[in-house]
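Some notes on the structure that comes next.
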Amino acid sequence: MNIMSIFMGTVYIGVFYILLHAWIQHKHKTVMYTHKGVNLSKVIVHIDLKGSPPKLEYLTSLLPLLKDVGANGLLMEYEDMFPYKGDIVNLSSKYCYKEHELKDFIKIAWKSGLEIIPLIQTFGHMEHALKLQEFKHLREIPIYPDSICPSKPESMDLVKNMLQQVIQFHTSVIPLNHLHIGCDEVYHINKCAQCRSRRAKEIFRDIYMSHLVSVTDIVKLYSPNVTVLFWDDMLRGIDSKYWNTVKSMSDVEPVCWDYSTRLHVSHRNLYNYHKKFNNIWIASAYKGAEGVTATLPDLYSRFMNHLEWLRFIFDYKFGGERKPYSFKGIILTGWSRYSHMEPLCELLPASIPSLVMNLLLVKHFQKETIDDVYSLKPAEVFRRYVRDDFKKYFNCEYAEFKEFDSHACKYRESKLYGDLEYFVYQNDDIINNINDNKKGLHSIAYYNKIDHINMNSIKPNIIWLNQSLQDFITTETKISKSMLEYHNAFVVVEYVHYKFYNEKKRVKSLLKILKDYYKIHTWHRKSYKYLLN
């Protein structure tokens, strides 16, 4: 009996360990599956051409680098840089790309393994068209040239003409698989009398969805196999009851964008998209997300934005589904202007370090990842998975998280990057010194009106202002020369004038006041008539 008990006990223990081993193996496989890299089939770099096109030879020179660090497509936001013809020729800037040059670039990009996706605005951000006399009657609100009225037949004629020309232009060169129709930030919907006269139930979301369908139909008319992309922001916050009334759209795919360092992405919105669209894309930003006055991308913020997105979609599951969802692609946006009417922000050549850094991060996340991607600190993620390749591509002596020293690296755009860094330093220095109470420069313009400036401060301030102005002009010249390698003169003139205008004017104004005041040797009694007027 004892022998039998011992035997049975041994059997039970053996079975237990076999089952335990099997469970551990299963758990290990589950963990390995869970920690597999993100499945992004499309890694697209956005090239924003609004009024500031880089030279095509420069864009062509970037193609091997972009391909090598993981990109497989370009989103070309043409706006006024596309060579339109016929009735809409005036949509094109006088400096738009020449037809044959653009076709050559598209061919080379395609042969390099990069898909070309045109982006044509068709609802909001239509300033380049609606600012013109011949199209101003198509505005939703007469004084705002950004949003087109979807209720006017002529509006759809304009959209149709634009799409037809762009589609036929591309398909004459390469296959066209995707086309982006914009449709973001439509600030004015259902405002004009014609829109409000539509059926009572057609509030802004109905009008928006109707326009989305109409534009998609136009695209499919000229290129039946194309998948249409659009920015998702106008659909956010729509309740699930409304989505239940919307038909599924197999040839349309939303791009969910968020450029912040802490995402504000709604799972409910994504779930609604998941039910109605075959695929969902995400969009980050490698430049153009730090405000209209930004000169260089904030590398920390841009890295954190991409890391947050990659962590977010890593092993992402919708409620009730066991299999992780595969987002179709990521678009790394690089805005050159916030809108057609606004000034230039970060230049593309100055943003290449940010772009490459984040493409390398995406490339790593596409591989199998064993480490806990949520617990590693951002600096450690950069050190382990990005730093060595980043140093190699930019020929850097060193590279640290949150820091980028262009002088420690040797690459094509480093001269321009360094000049822009110095501009930022100079500009801040002038502002800080003028506002410094010890110098008293901030009060000169005011006290000059009542004939009272401390004579002892005039000479040293004149010397400082003169030197600052000359140094500033020298930097302006350097940046102009550096930019001409990448941009045509009209872009350079606009950019440097915008960047240098305010502080140059301020310094010159203070210099004139001080030099004129220096000639005064006697003063009247104090008079406050100026204050009383």
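Which order do the peptides 276-286, 115-125 take when ranked by the mean count of other beta-carbon atoms within 10 Å per residue, highest first? List each step's numbers first, then the result.
Working: 276-286: 21.5, 115-125: 24.0.
Ranking, from highest mean packing down: 115-125, 276-286.
Peptides 331-344, 465-478: what's the order by average Cβ count within 10 Å, highest mean first? List each step's numbers first, then the result.
On the way: 331-344: 20.1, 465-478: 15.6.
Sorting 331-344, 465-478 by mean packing, highest first, produces 331-344, 465-478.
How would the stretch 212-260 be classified by its alpha-carbon gyration tensor: rounded, prolate or oblate, with rounded meaning a/c under 1.5 and the a/b versus b/c comparison settling the rest?
Details: a/c = 2.77, a/b = 1.38, b/c = 2.00.
Judged from the Cα gyration tensor, the stretch 212-260 comes out oblate (a/c at least 1.5, b/c at or above a/b).
Evaluate the distance, in nm, between pseudo-label points positioned 7 Å from the Cα of Lys107 and of Leu511 along their respective Cα→Cβ axes.
5.2 nm
Around Phe230, what is the net charge, scoring Lys/Arg as +1 and Asp/Glu as -1 over all other residues with Cβ under 9 Å from its Cβ? Walk me through the numbers on the way to the answer.
Values: positive: none; negative: Asp184, Asp232, Glu253.
Surrounding charge for Phe230 is -3.
Would you mind putting 94-101, 315-322, 181-188 in packing order, based on average other-beta-carbon counts within 10 Å, highest first?
Details: 94-101: 13.2, 315-322: 10.5, 181-188: 19.8.
By packing density, highest mean first, the sequence is 181-188, 94-101, 315-322.
Return the FRET efficiency for the residue pair Asp436, Ser326: r is the Cβ-Cβ distance, R0 is 56 Å, and the value is rounded to the nearest 0.05. Can you show the working numbers first?
Numbers: r = 56 Å, r/R0 = 1.00.
Calculated transfer efficiency: 0.50.
May I ask you to list the residues of the stretch 109-134 whose amide nitrogen lies under 12 Å from a point 7 Å from Cα along the Cα→beta-carbon direction of Thr60?
109
Place a label point 7 angstrom from the Cα of Lys220 along the Cα-to-Cβ direction, then list the residues of the stretch 254-290 whose backbone nitrogen is under 14 Å away.
Under 14 Å, as judged by backbone N against the label point of Lys220, lie 277-278 of the stretch 254-290.
At a Cα cut-off below 27 Å, give the lysines reachable from Lys152, other chains included and same-chain residues fewer than 8 away excluded.
Correct list for Lys152: Lys50, Lys85, Lys131, Lys136, Lys160, Lys191, Lys201, Lys220, Lys247.
Would you mind calculating the relative contact order of the chain from Cα pairs under 8 angstrom and at least 6 residues apart, reporting the percent as a whole number? Don't jump to the answer; show the numbers that get you there.
On the way: 755 pairs, mean separation 76.0, N = 533.
Relative contact order of the chain: 14 percent.
First check a/c for the stretch 267-405, with a ≥ b ≥ c the square roots of the eigenvalues of its C-alpha gyration tensor; if it is under 1.5, answer rounded, and if not, answer prolate when a/b is larger than b/c or oblate otherwise.
Verdict is oblate for the stretch 267-405.
Could you pull out every one of the lysines with an alpha carbon less than 28 Å from that of Lys410, ignoring same-chain neighbours closer than 8 positions?
Those lysines meeting the cut-off are Lys55, Lys67, Lys287, Lys363, Lys391, Lys392, Lys402, Lys478, Lys481, Lys499.
Under a 5 Å amide H to amide H cut-off, with H placed in plane at 1.01 Å, what residues pair with Gly182 once short-range neighbours are removed?
Ile120, Trp231
Rounded to whole Å, give me the distance from the Cα center of the stretch 192-271 to that of the stretch 117-185.
Each part's Cα centre sits 16 Å from the other's.
Find, among the chymotrypsin sites (Phe, Trp or Tyr not before Pro) in the stretch 486-519, those assigned to loop by DSSP (not H, G, I, E, B) with at most 13 other beta-carbon atoms within 10 angstrom.
Within the stretch 486-519, the qualifying chymotrypsin sites (Phe, Trp or Tyr not before Pro) (loop, at most 13 other Cβ atoms within 10 Å) are Tyr518.
Go ahead and estimate [θ] at 222 nm for the chain from helices alone: -39,500 (n - 2.57) per DSSP H run with n ≥ 4, summed, over the residue count, rounded to 500.
Working: 18 runs with 249 residues, N = 533.
Taken over the chain, the calculation gives -15000 deg cm²/dmol.
List the aspartates and glutamates whose alpha-carbon lies under 15 Å from that of Lys42, not counting same-chain residues fewer than 8 positions away?
Candidates past the 8-residue exclusion: Asp68, Glu115, Glu253.
Please state the charge dipole magnitude for the chain, taken about the Cα centre, from unit charges on C-beta atoms (+1 on K and R, -1 on D and E), reported in debye and rounded to the nearest 20.
Around 840 debye, computed over the chain.
Every read-out reported here was derived from the displayed coordinates using simple, explicitly stated rules and does not represent laboratory data. Quick caveat: nothing in here was measured; it's all calculated off a predicted structure. Cβ coordinates were reconstructed from backbone atoms using ideal geometry, including for glycine residues, and neighbour counts include every protein chain displayed.
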